[in-house]
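Below: one structure, written as structure tokens.
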Amino acid sequence: MTGKFLRGFIDGSLSTLGVVIGASAAPDAVIIAAAVGGTLANGMSNLLSAFAAEGAEQYQELRRTEEAMVSRDMRGTEPDRQISRRTLRAGATDGLATIVGGGIPILPYLFLTPSEAMLVATGTVVAGVAAIGAYIGRLSRRNIVLSALKMAILCVAVAIVVYLVQSLIVPT
């Protein structure tokens, strides 16, 4: 489940950062509304897609087991119930992590001016994604600093691209 949480968290924080940067020319309330709406929609989307993907994989494996057992129908058995629980947990983990991650770039807009909030949101998301990179580096027994740096650079690249697109669309 750790992988599902990390995927959802990164997805939520980066996609919501994109929303707040993309909407940065709008009033505070519009930025917050767009970010909250995007975060909730993204979280629900990830919940449903993780649930569907996990279920498809698990049930495909169960069908293979049925075939190996001379086509015994395993609906309602303990393996079938375990699959249902795993798919529910996978979807909930991914979806909720997306919403939690998506909340990070929103919070600065509740307390700071939009320009300050954008910088704080970007810095916070970059730091969070870098921390996840370091964690992944530690788990994989690779260079922790290099792993964190790669993730941070990719995160900054996303923020820059979104900012440039926003700048092209909304002239200052």
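Please enumerate the residues belonging to region 58-107 that are aliphatic (A, V, I, L, M) and in contact with a Gly (Cβ under 8 Å, 6 or more places away or on another chain).
Ile83, Leu96, Ala97, Ile99, Val100, Ile104
Which condition breaks for Val30 when tested against (1) touching a helix residue (DSSP H, G or I) at 6+ places or on another chain (Cβ under 9 Å); (2) part of a helix (DSSP H, G or I)?
All conditions are met except number (1).
Does region 68-115 hold any residues that are closer than 22 Å to Phe9 by Cα and among the aromatic types (Phe, Trp, Tyr), and which are they?
Answer for region 68-115, where residues must be closer than 22 Å to Phe9 by Cα and among the aromatic types (Phe, Trp, Tyr): just Tyr109.
With Leu62, Leu48 as the choices, which residue is aliphatic (A, V, I, L, M) and under 23 Å from Thr2 (Cα atoms)?
Leu48
Could you tell me how many of the residues in region 75-132 are within 14 Å of the chain's Cα centre (by Cα) and small (Gly, Ala, Ser)?
9
Answer yes if at least one residue in region 60-69 is hydrophobic (A, V, I, L, M, F, W, C) and surrounded by fewer than 15 Cβ atoms within 10 Å (Cβ to Cβ), and no otherwise.
yes
Within the set of pairs 6 or more residues apart or between chains, which connect a residue that is basic (Lys, Arg) inside region 141-161 to a residue that is surrounded by fewer than 19 Cβ atoms within 10 Å (Cβ to Cβ) and assigned to a helix (DSSP H, G or I) with Cβ atoms less than 9 Å apart?
Hits for this filter: Arg142/Ile136.
The rows are residues; the columns are (1) on the phi < 0 side of the Ramachandran plot; (2) among the hydroxyl-bearing types (Ser, Thr, Tyr).
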| residue | (1), (2) |
| --- | --- |
| Ala53 | yes, no |
| Tyr59 | yes, yes |
| Gly76 | no, no |
| Thr98 | yes, yes |
| Met118 | yes, no |
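It is to be established whether one or more residues within region 85-105 are without any contact (Cβ under 8 Å) to a residue 24 or more places away in the chain, surrounded by fewer than 20 Cβ atoms within 10 Å (Cβ to Cβ) and not charged (D, E, K, R).
no
Go through (1) closer than 12 Å to Gly102 by Cα; (2) aliphatic (A, V, I, L, M); (3) without any contact (Cβ under 8 Å) to a residue 24 or more places away in the chain one by one and return the number of the condition Val30 breaks.
Among (1) closer than 12 Å to Gly102 by Cα; (2) aliphatic (A, V, I, L, M); (3) without any contact (Cβ under 8 Å) to a residue 24 or more places away in the chain, the lone unmet condition for Val30 is (1).
Of the conditions (1) farther than 27 Å from Met1 by Cα; (2) in a helix (DSSP H, G or I), Leu112 satisfies every one except a single condition; which number is it?
Leu112 satisfies all of (1) farther than 27 Å from Met1 by Cα; (2) in a helix (DSSP H, G or I) except (2).
Matching residues to (1) loosely packed, with under 14 Cβ neighbours inside 10 Å; (2) in contact with a helix residue (DSSP H, G or I) (Cβ under 6 Å, 6 or more places away or on another chain); (3) of a type in the set (S, T, N, Q):
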position	(1), (2), (3)
Leu47	no, yes, no
Phe51	no, yes, no
Arg75	yes, no, no
Asp80	no, no, no
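FYI, it's all coordinate maths here, none of it is from the lab. In this text, all values refer to a predicted model and were calculated from it rather than measured experimentally. Reconstructed Cβ throughout: ideal geometry from the backbone, glycine too, with neighbour counts over all protein chains shown.
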